[in-house]
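A.B. asks: The structure under discussion is supplied below as structure tokens; questions concerning it will follow.
The values are calculated or read from the model by the stated rules, or taken from the named source; none is laboratory data. Note that the structure is a prediction, hence the values are computed from the model and not measured. Neighbour counts run over all protein chains shown; Cβ positions are idealised from the backbone, glycine included. For the accessible areas, the whole protein counts, side chains as well, though only heavy atoms, and no ligand, DNA or RNA atoms are used. Shrake-Rupley method; radii C 1.70, N 1.55, O 1.52, S 1.80 Å.
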Amino acid sequence: MLLERIFDLIGDWNPQLRRELKSRLTLPNLAIATFVSLLAQILTVVLPAPRVLEFNNHYWYISRSWWLHVCELLNLEIWLALAIGGIYFIAKDFDREIRTGTLDLVDLSPVKPWEIVLGKLLGVPVLIYWIVLLALPLHTIALVQMAVPHAWIWNALGLMLIGLLYLGAIFATLTASLPPLVLSLVFSAVGWSGLAMITSSQISQRMSGSYVRLGIYFPEEWQTILTVAANFLAIGYTLCVSIQSWYPHINSRSPRRFAMLSFLVYSFLVFFYLILLALAPQAMLVMTVGLSITITLAQSAEKSESTNPTIR
């Protein structure tokens, strides 16, 4: 079958991703995910909203305020699906495998830690990705009808932040025994608040009639947005290095009785980082790059000590 051949090609590149996709991309699961996505879109369109039709110059047309309503609801639904659903499934999967001892076999297998992390990032929330993918046509139509010139910037920053939250959830689960549901709810709320602060403080919000035009009008704004994106990439690299360095110590994570303290610390760090990023992205970029270099050097030193132990 064609699907089996595709799975085999994926398995040659990342065996972990093949296992995750094959266990989740079943016909019943895809049918349920498709039904959920279509139902959410139907409710988005028919829910109470501003007046749909407006009359102007002897003809009727769909009002931009209605398209704005649809776009705002879809933005919220997509964020909830990716953030809450994705973080919950990823954290729950890692927590289950740590408890069952599956991840202890990493050192005995040829699969590298980054392959497992990448396979789970792409494979575990694949049904969530399918739900969002089915909603993208309606979301794109709403953006076009609103005539938003640079909406892709907000979407790109949002996706990058989602990726950071996924990596943060993995690191939090590897280092402490945290409840996946609570972790997903708080991380998604903190991420949404941080993205709103970054958008409102660093990206121009221009009003035009009854809808918002998100536009970049000055070179300084482009520079700021690129700085925010560079911050996301740097902190993502730092999280990847931290996850890889913690893999040999997954059995020493904090027990459940210290979960609340670890949870509060992680949530505060994420929120504090996003606040500083919204206020001073250039300064945060310097600090984030310095942190990335420090962690990379520390990991390299640890590897050299483990491969070349000092003989006393």
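A.B. asks: Run THR310 past the list (1) over 21 Å from SER193 (Cα atoms); (2) modelled with pLDDT of 80 or more and report the number of the one that doesn't hold.
C.D. replies: Unmet for THR310, out of (1) over 21 Å from SER193 (Cα atoms); (2) modelled with pLDDT of 80 or more: (2).
A.B. asks: Is it the case that some residue within the range 70-81 is touching a His at 6+ places or on another chain (Cβ under 8 Å), on the phi < 0 side of the Ramachandran plot, at pLDDT below 85 and not polar (S, T, N, Q)?
C.D. replies: yes
A.B. asks: Pick out the one residue from VAL111, VAL144 that is of a type in the set (Val, Ile, Thr), modelled with pLDDT under 75 and open to solvent by 20 Å² or more (accessible area, probe 1.4 Å).
C.D. replies: Numbers: VAL144 fails: modelled with pLDDT under 75.
Going through VAL111, VAL144 in turn, just one is of a type in the set (Val, Ile, Thr), modelled with pLDDT under 75 and open to solvent by 20 Å² or more (accessible area, probe 1.4 Å): VAL111.
A.B. asks: Return yes or no: is VAL182 more than 16 Å from the chain's Cα centre (by Cα) and either modelled with pLDDT of 75 or more or of a type outside the set (A, V, I, L, M) (or both)? Spell out how you get there, then give the answer.
C.D. replies: Details: more than 16 Å from the chain's Cα centre (by Cα): yes; either modelled with pLDDT of 75 or more or of a type outside the set (A, V, I, L, M) (or both): yes.
Judged against the criteria, VAL182 is a match.
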